[in-house]
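The values are calculated or read from the model by the stated rules, or taken from the named source; none is laboratory data. All values reported here derive from a predicted model rather than from experimental measurement. Using ideal geometry, Cβ is built from the backbone for each residue, glycine included, and neighbour counts are taken over all protein chains shown. What goes into the accessible areas is simple: the full protein's heavy atoms, side chains included, and nothing from ligands, DNA or RNA. Shrake-Rupley method; radii C 1.70, N 1.55, O 1.52, S 1.80 Å.
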Amino acid sequence: FIINLTGTDDSGNPVNLSATTDANGNYSFSVAPGIYTVTEVCPAGAPWRQSFPGPLTSEAACGANGYAITLTSGQVDSNNDFGNFQSASKSGLKFLDINADGVRDIDGLDNVAGNADDEVGLAGFIINLTGTDGSGNVVNLTATTDVNGNYSFSVAPGIYTVTEVCPAGVGWRQSFPGPLTSVATCGANGYAITLTSGQVDANNDFGNFQSASK
């Protein structure tokens, strides 16, 4: 990673230096006394975010937090550290579980793809993610399933729970994740996980059906 030092020395000369962190992540500068700022460069194209020094940044603002200091003769100023992480993702699919068996039958009940009984993804349903990130910030996010029933969240590492919202008044029940719910408890089953930097947690699916009558 690239670390930049900019500023002016006590003689008024501009200073622009760069250092690359070594195999252990360390860097250092040796400069004349003066007034300086030290910042990091977050590599483009990788979803890096900054956790230290705070506050927590977005990917776009990674590198915005740094250190400003006035250095005097012989001064040793250490512990100008930078903490970084990559967003984690949590995703899944909401599908119509025609036979309420808790399994998405991709080819439907008759194993013929494309027929009306295929267990398709359900669009336009609300999925909630709640919890706290590693800095203790409370997170409450909502996603809507797309035309194929998919949803996803991109979040800082932390401890989260993902649940679905079952629309009221239409008799939805939940078959996956189990156990099978009543109409009143639809949405009670979800996913709880601790996400780490860069983790991709997929297949957090929700299977739903409506009761039949005879």
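Pairs linking a residue in segment 125-144 that is more than 17 Å from PHE52 (Cβ to Cβ) and assigned to a strand (DSSP E or B) to a residue that is at pLDDT below 95 and open to solvent by less than 40 Å² (accessible area, probe 1.4 Å), with Cβ atoms under 6 Å and 6 or more positions apart or on different chains, are VAL139/ASP133. The residue list PHE176, PHE209 contains one member that is open to solvent by 50 Å² or more (accessible area, probe 1.4 Å), over 14 Å from the mean Cα position of the chain (by Cα), touching a residue at least 40 places away in the same chain (Cβ under 8 Å) and within 25 Å of ALA100 (Cα to Cα), which is PHE176. Within segment 24-34, restricting attention to residues that are within 37 Å of the chain's Cα centre (by Cα) and surrounded by fewer than 14 Cβ atoms within 10 Å (Cβ to Cβ), which residue is nearest to SER73 (Cα to Cα)? Looking at the filtered set, the residue picked out is SER28. Taking segment 179-198 as the range and being free of Cβ contacts under 8 Å to residues at least 40 places away in the same chain and either assigned to a strand (DSSP E or B) or crowded, with 16+ Cβ neighbours inside 10 Å (or both) as the test, the residues that pass are THR181, CYS186, GLY187, ASN189, GLY190, ALA192, THR194.
Of the residues making up segment 148-169, those that are farther than 30 Å from THR57 by Cα and open to solvent by 70 Å² or more (accessible area, probe 1.4 Å) are ASN148, ALA168, GLY169. Residue count for segment 1-46 under the criterion of being in contact (Cβ under 8 Å) with a residue 40 or more places away in the chain and in a loop (DSSP other than H, G, I, E, B): the result is 6.
Among the criteria (1) open to solvent by 60 Å² or more (accessible area, probe 1.4 Å); (2) out of contact with any Asp or Glu (no Cβ under 8 Å at 6 or more places or on another chain), the one PHE52 does not fulfil is (2).
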